[in-house]
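Structure first, then comments.
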């Protein structure tokens, strides 16, 4: 009887050992490697003048004082990320004699050849900057931001701004005058140069700036714009 009890105890002990061993091996486990997929964004824009492109070339030639021309620079966000956008407009200038509507002449003064009125949704940053050559002003540069004085407006992917302006007006100048380089005003080719710029809308400096002047400064510094 005693021997039988020992055997039983031995069997129980063995069973207990197996159960413990089995329990240690039977935990449900799993492992998985996590990969963080981070896509790099893209800021890209296009500058178009849809209505200007429709104007026949002949209407852009031999223009007369006071002539109005359709011109509508517009920015479209062709990138991935939202963007803050700006335009720089460079317009030729010269010392010129102009006339009033009644035909009376004004004294010669530094004037830009074309004028315009910006549309709602755009603001001008500061005053126009004179572009000089050989000590004489040959043009003026204007910087415009899409937004308000308080904050830039984010331009979403595939969205477009309103046109900066819809038309330009040629100055009411008196004939027979010259540019600073001696070129005659009549039959000369002039141009208004419009450039568009864009920058990401978030994480701009540690302060995450959004005011037009501050955002433009960041953009200008990075692109070494004067």
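Just checking, does the range 115-125 include any residue being surrounded by fewer than 19 Cβ atoms within 10 Å (Cβ to Cβ), under 30 Å from residue 209 (Cα atoms) and touching a helix residue (DSSP H, G or I) at 6+ places or on another chain (Cβ under 9 Å)? Checked the range 115-125: at least one residue is surrounded by fewer than 19 Cβ atoms within 10 Å (Cβ to Cβ), under 30 Å from residue 209 (Cα atoms) and touching a helix residue (DSSP H, G or I) at 6+ places or on another chain (Cβ under 9 Å).
Residue pairs whose Cβ atoms lie under 8 Å apart, separated by 6 or more positions or on different chains, with the first residue in the range 209-224 and surrounded by 15 or more Cβ atoms within 10 Å (Cβ to Cβ) and the second in a helix (DSSP H, G or I), are 209/215; 209/218.
Scan 131, 173 and give me the residue that is crowded, with 17+ Cβ neighbours inside 10 Å and on the phi < 0 side of the Ramachandran plot.
Values: 131 fails: crowded, with 17+ Cβ neighbours inside 10 Å.
From the options 131, 173, the qualifying one is 173.
Taking the conditions (1) surrounded by fewer than 18 Cβ atoms within 10 Å (Cβ to Cβ); (2) assigned to a loop (DSSP other than H, G, I, E, B) in turn, residue 164 satisfies each one other than (1). Evaluating residue 148 against the criteria (1) closer than 27 Å to residue 189 by Cβ; (2) touching a helix residue (DSSP H, G or I) at 6+ places or on another chain (Cβ under 9 Å) leaves one unmet condition, (1).
Is it the case that some residue within the range 178-192 is surrounded by 18 or more Cβ atoms within 10 Å (Cβ to Cβ) and outside any loop (DSSP other than H, G, I, E, B)? The answer is no, given that none of the residues of the range 178-192 is surrounded by 18 or more Cβ atoms within 10 Å (Cβ to Cβ) and outside any loop (DSSP other than H, G, I, E, B).
Read the figures in this text as sums done on the coordinates, not as results from a lab. Worth saying up front: this structure is predicted, and the values here are computed from it rather than measured. FYI the Cβ positions are ideal-geometry reconstructions off the backbone, even for glycines, and counts take in every protein chain you see.
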